[in-house]
1. Determine if region 46-56 includes at least one residue that is of a type in the set (S, T, N, Q) and touching a residue at least 40 places away in the same chain (Cβ under 8 Å).
2. Conditions: (1) open to solvent by 30 Å² or more (accessible area, probe 1.4 Å); (2) modelled with pLDDT under 85. Trp58 meets all but one. Number of the miss?
3. Only one of (1) exposed (fewer than 15 other Cβ atoms within 10 Å of the Cβ); (2) at positive phi is not met by Ser181, so which one is it?
4. Have a look at Gln75, Gln54, Gln50 and point out the one that is over 24 Å from Asp104 (Cβ atoms), of a type outside the set (Phe, Trp, Tyr) and out of contact with any helix residue (DSSP H, G or I) (no Cβ under 6 Å at 6 or more places or on another chain).
5. Is there any pair with a first residue in region 136-151 that is open to solvent by 50 Å² or more (accessible area, probe 1.4 Å) and a second that is of a type in the set (Lys, Arg) whose Cβ atoms are under 8 Å apart and which are 6 or more apart or on different chains, and what are they?
6. It is to be established whether one or more residues within region 87-96 are at pLDDT 90 or above, within 16 Å of Phe187 (Cβ to Cβ) and in contact with an Asp or Glu (Cβ under 6 Å, 6 or more places away or on another chain).
7. What pairs can you find where one residue is in region 224-250 and open to solvent by 70 Å² or more (accessible area, probe 1.4 Å), the other is part of a loop (DSSP other than H, G, I, E, B), and their Cβ atoms are less than 9 Å apart, with a gap of 6+ or different chains?
8. Six or more apart or on different chains, Cβ atoms under 9 Å: show the pairs whose first residue is in region 206-221 and over 19 Å from Gly165 (Cα atoms) and whose second is assigned to a loop (DSSP other than H, G, I, E, B) and at pLDDT 85 or above.
Amino acid sequence: MQLILETHCPRYLTGYIDSIACYTFSRNHCVTFCPEGAFKLVFLDSDQFQYQVQCGKWESCSKKFVWGPHNMYHQLKSKKDKGVCVIVNFKPGKAKYFIPGKLDKYQNRLIDIGSVWNKRNEEEIIVALESPNARNVEAFLLNRLLYRKKSLIDNAMESIVSNKGVVEINYLAKSIKLSSSHFRKRFKEEVGISPSQFCKIYRTQSIMTFLKEESSISLTELTYKFGYFDQSHFIREFKSVVGISPGQFKKKKELIKRPAYYE
């Protein structure tokens, strides 16, 4: 997979979107995406792409779809050479400002855009597909921006992010004056996955980022730096998210920030 274009969003979208990136895929080249706890919006140039979740069965996918948050690693490949893929990377917890309804139904799923926005303004989708241009995608997003007030779950998300996923769920619920059960329910509806799953994913993502910068650190040091009880728990959780052990990840040479993946 080759990055053609990556752009950070204009000021009016920076609170919601992390980046918009365009890639080309060589034929049958499989790319593994690690869970990030956030939604993606994906535009493909053909129906020749396939996906699978955690080494399951390869399945065909729509040319334009909402990619819900996954708690397992997932893979994408093109059956033709030079397949083009445009990915909008939402910030964690921000997809609710574009996607109507409760978001828990999107977990571990790819849902066609027409089912999400009822095929409104289909011509915008066509333009975005025919020309992988950041401006076209930005216009598409702006027309779907929902003006919602900041919620208590947004406050909880900020706390999780600032603490790199190392937080206690019951304490987090208490800090925003919600019962633990109500907090879990609202979090899943607004973010798409449970708070415990998101914390695990975000902590793992933080470790991946740290390893890119400090590859010489030992696994024992990482275990206690990120709040694990023991090294076996750390390795098991890391592998469940990334698909490889932290030791194997440290040996990988080609890494990019968005989206987190390995070949």
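1. Taking region 46-56 and keeping what is of a type in the set (S, T, N, Q), we get 46, 48, 50, 52, 54.
Subset that is touching a residue at least 40 places away in the same chain (Cβ under 8 Å): 54.
Yes, there is a match, as at least one residue in region 46-56 is of a type in the set (S, T, N, Q) and touching a residue at least 40 places away in the same chain (Cβ under 8 Å).
2. Going through the list (1) open to solvent by 30 Å² or more (accessible area, probe 1.4 Å); (2) modelled with pLDDT under 85, Trp58 breaks only (2).
3. (2)
4. Going through Gln75, Gln54, Gln50 in turn, just one is over 24 Å from Asp104 (Cβ atoms), of a type outside the set (Phe, Trp, Tyr) and out of contact with any helix residue (DSSP H, G or I) (no Cβ under 6 Å at 6 or more places or on another chain): Gln50.
5. Leu146/Lys96; Arg148/Lys96
6. Checking region 87-96: at least one residue is at pLDDT 90 or above, within 16 Å of Phe187 (Cβ to Cβ) and in contact with an Asp or Glu (Cβ under 6 Å, 6 or more places away or on another chain).
7. Going by the 9 Å Cβ cut-off, the qualifying pairs are Lys225/Ile217; Lys239/Ser245.
8. Between residues of region 206-221 that are over 19 Å from Gly165 (Cα atoms) and residues that are assigned to a loop (DSSP other than H, G, I, E, B) and at pLDDT 85 or above, there is no close pair.
The values are calculated or read from the model by the stated rules, or taken from the named source; none is laboratory data. Everything numeric here is computed off the predicted structure, so don't read it as measured data. Note: ideal-geometry Cβ built from the backbone for every residue, glycine included; neighbour counts use all protein chains shown. Only protein heavy atoms, including side chains, enter the accessible area calculation; ligands, DNA and RNA are left aside. Shrake-Rupley method; radii C 1.70, N 1.55, O 1.52, S 1.80 Å.
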